Amino acid sequence: MSNTLPSSLANFIQQELNTTQQQAVLTKTGILLVVAGAGSGKTRVITTRIAHLIAHEHVAPKSILALTFTNKAAQEMRERIKFFVGHHTELPFVGTFHSYCLRLLKQNAHLLPTPFLSILDEDDQQKLLNAIIQRNNLSKRTTAKKLSYQISQLKNNAVDPEEHLHTLTWSSPFIKDAYHAYEREKQASHCLDFDDLLLYTVKLLKTNTTFKQQLQANIRHILVDEYQDTNVVQHALLKELVRDQNSLVADSLCVVGDEDQSIYSWRGATVANIVDFKKDFPQTITIKIEQNYRSVQPILHCANGIIQHNTNRNPKNLWSDRIGNDRIRAISCLSEYQEGEMIAQFLKTAPQKNHPVAILYRAHHQSRAIEEALIKHSIPYTIIGGIMFYERKEIKDLLAYLRLAANPFDRTSFSRVINCPQRGLGEKFEEMFYEQWHTEPLYDFKQIANLLITQDHLPRTKKAALITFTTLFETISPTDRPSAALERILSMTAYMTYLKNAHESQEAETRMDNIKELLHAVRYLEEQGIITITHFLDEVSLMQEKLSRQTTEQKVSAVLMTLHAAKGLEFDNVVIAGLEEGLLPSSRSLHDTESLEEERRLLYVGITRAKERLLLSACRYRYTYGQMSAQNSSRFLDEIPTQLAQHHDASSWSTMDAQRYYAQWTGIPSTSNFNVLTFSGASNQKQSIEHTKTMSISAKAAPTWKRNQPVIHATFGTGIIQSIEPKDGTTYLTIAFKGGSKKIDAKFVKML
């Protein structure tokens, strides 16, 4: 399909739309469920249908209502419609559910039971909830952000929350009380929140017959995009707009979506709205748009082969007239570090044609090992919908604690951590502290703190908090192992508990996973000889400086993002990392059928982002608390038809092996100058060369043993080879076991 739209709408429909797309556009009346697969041109269908109704069926634009989920999508739809019907033609309402309901409520404010003058934006809502929390002494039990999420979830899953409240099993009584207090405050302020916009509109349609009939008389054609992302209230709104009792009163209803791309249940979306659509609208005509214009056929075969294992869906079969061969590869890596290395080598070989490669993963914390591999090889990258690992708030907080331990004169780090987690040492305290520090510029923060404590300038509670804070740093030295220091910081500050209280559950878990990943990284670096806080901070600083230099000097070669963030995007080459049980599918979904099916849909979304090539990777082991833990490959890998994807064990591959592998697959030999130095650059060059020499000698003596190879010992259990030393005809292996490192004759261990 061409990217430029012709001026003649009739020609466009005949020449640029396939048969099923034409059916969806040209069917004037009735209820249409357009099941539009990934990359099948659904936005083009819905906008062309609107243009056709106006230009060819002479439908008044004001009688058409088109609803979508983002202002960006709405603007794109308006531009496409305007292109067809001309800039001087009136346009129908095209916007989000919330913007349409706001307009209705503003126009009919006199019909509401209580006055409505303004909307609470997110900041206003947080302030109101904070006041309720403080007034009721709930600050130790919840936060405004967490409470707003719980209230929103309640409203998104109940058409009438007030009725639902009587049957609801509250997780705790204080949430119920806080909810009622919140509603009273809103009414007294003559305000509504964003969720209320939909709820009040539904309630008005249910209770005011005259309003409903007048609205239905004016709105004759309704279209909804991305229907798989609707929640309970949005589905109820649609039913009220088009039905009187059980009869359709609108001329047409057309919903477009793909249940195989329903991945937002945590936002309140329910896939049942589209899967069970015919139960609410029995006269529905289903139109399946299955031709994909994005991907080569093997990638679509792969996506179809996986998603067919879901039962809660409308069966369809994506296909493309773009043929291809050997477009999917799956590799098994030894660890997340080798996985990052293999991905970096792919980027050096993959044909990019000025387009970046997409690296997708299930959880944010997975980016860390990949980022470090890309930085090591001077591959510029960016993160979409997220933040680079060492720039994430929770990581910067903990690094600031370490920096302050290493440099007690670091005022920036002091400012970051003095009240994080909150200690009641707010802005006034900081002003007092800095005034004292300005007076005594040669003192470090501990000396200033002791001055304030001994001079008795502080209230009792602040004095106690400051003593606790400084006590932490008495237990940490710049020469300490960074992992031990981090564990002490986490324990003494109760930082994990702070995250749980400060954020709703899913975000808190993400942030805690990032901290666990930081601990993994620290322990791994300790195994490489970086055993002090000072040395670790130097490594991080050098890495960040190198990244900063790369991103300002070079064009981005890779984009990293979660699978959720990838929805709606497309790339020539896609890498999906971490296809392991507990990661993809996530550990929280393993024992729940609905959640497992959503995880499969998430992988389906990731696969269908790829236009030309797809690389899937899994690890046999991942670092967990300083030890390698065995991983099982994802069940989803077993669902890929064997003839579509070649599976290879890359766990023992060298850099040259990876180069040859990817060159053979892509048909483009790599000519890159490979950098094998670590983040420390020249300072580690000697160490790298010496390690290469050691490996060469070892290879002659014992070619089967490799560094980082997992092995098992009858007494010490599973471990990882740290170094190999041939001596007098015997090979000695230094192995990291759970109980510590041991130097053992190789004949007493076995490979895993």
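Overview of values
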item: Translational diffusion coefficient (Stokes-Einstein; Kirkwood radius from C-alpha pairs) of the chain at 10 °C, 1.306 mPa s, in µm²/s; result: 54
item: Relative packing of peptides 269-282, 125-138 - highest average C-beta neighbours within 10 Å first; result: 269-282, 125-138
item: Shape metrics for region 272-354, restricted to C-alpha atoms - Rg then Dmax, Å; result: 18.7, 55
item: In sequence order, calculated HN-Hα J values of region 377-386 (Karplus, 6.51, -1.76, 1.60; Hz; x Gly/Pro); result: 9, 6, 9, x, 8, 9, 10, 9, x, x
item: Added length on full extension, which subtracts the Cα-Cα distance from 0.36 nm per residue, His591 to Ala494; result: 31.9 nm
item: Crossing angle, helix 232-242 versus the chain [Cα axis fit, 0-90 degrees, rounded to tens]; result: 20
item: Over region 398-523, relative contact order from alpha-carbon pairs under 8 Å, at least 6 apart, %; result: 25
item: Whole-number D in µm² s⁻¹ for region 14-118, Kirkwood Cα-pair radius fed into Stokes-Einstein, 20 °C, 1.002 mPa s; result: 140
item: Tilt relative to the chain, helix 482-493 - C-alpha long axis, 0 to 90 degrees, to 10; result: 50
item: Calculated P(r) of region 367-410 - Cα pairs past 12 Å, %; result: 67
item: Cα-based helix-to-principal-axis angle, 460-474 vs the chain, degrees rounded to 10; result: 50
item: 3J(HN,Hα) from dihedral phi, region 45-50, Karplus parametrisation 6.51/-1.76/1.60, rounded to Hz, x for glycine, proline; result: 5, 5, 6, 5, 4, 4
item: Computed log₁₀ I(q)/I(0) - Debye formula, equal Cα scatterers, no solvent, region 72-113, q 0.17, 0.26, 0.29 Å⁻¹; result: -0.57, -0.87, -0.96
item: Interchain or long-range residues, amide H under 5 Å from Ile383's placed H; result: Leu560
item: Surface share of carbon and sulfur [accessible, 1.4 angstrom probe, percent] for the chain; result: 50
item: Surface per residue (accessible, 1.4 Å probe) for the chain, Å²; result: 44
item: Mean ellipticity per residue at 222 nm, deg cm²/dmol - from DSSP H runs of n ≥ 4 across the chain, formula -39500 (n - 2.57); result: -14500 deg cm²/dmol
item: DSSP loop GluC sites (Glu not before Pro) with at most 15 other Cβ within 10 Å excluded, longest remaining stretch of the chain; result: 91-638
item: Cα Rg, Dmax (largest Cα-Cα span) when computed across region 370-451, Å; result: 16.8, 49
item: Amide H within-cut-off set for Leu32, under 5 Å, with H built and near neighbours excluded; result: Leu253, Cys254, Val255, Ile285
item: Cα extents of region 215-311 along the three principal axes, largest first (Å); result: 48, 28, 20
item: Average silhouette area of region 313-443, convex hull of alpha-carbon atoms, in square nanometres; result: 15.2
item: Debye intensity ratio in log₁₀ form over the Cα atoms of region 334-393, taken at each q of 0.20 Å⁻¹; result: -0.78
item: Orientation-averaged projected area, Cα convex hull of region 431-552 (nm²); result: 10.7
item: Value of relative contact order over the chain, rounded to a whole percent, pairs C-alpha under 8 Å and six or more apart; result: 15
item: Extension gain (nm, one decimal) between Lys742 and Ile712, 0.36 nm per residue minus Cα-Cα; result: 9.6 nm
item: Using distinct alpha-carbon pairs, which all enter the 1/r mean, Kirkwood radius of region 42-85 in Å; result: 10.6
item: Integer Hz, Karplus 6.51/-1.76/1.60 couplings in order for region 220-227, x for Gly and Pro; result: 10, 10, 10, 10, 10, 9, 6, 5
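The values are calculated or read from the model by the stated rules, or taken from the named source; none is laboratory data. Since we're looking at a predicted model, the values are computed, not measured. A quick note on method: Cβ atoms are made from the backbone with ideal geometry, for glycine too, and the neighbour counts reach across all protein chains shown. Keep in mind that these areas ignore ligands, DNA and RNA; they rest on the heavy atoms of the full protein, side chains included. Shrake-Rupley method; radii C 1.70, N 1.55, O 1.52, S 1.80 Å.
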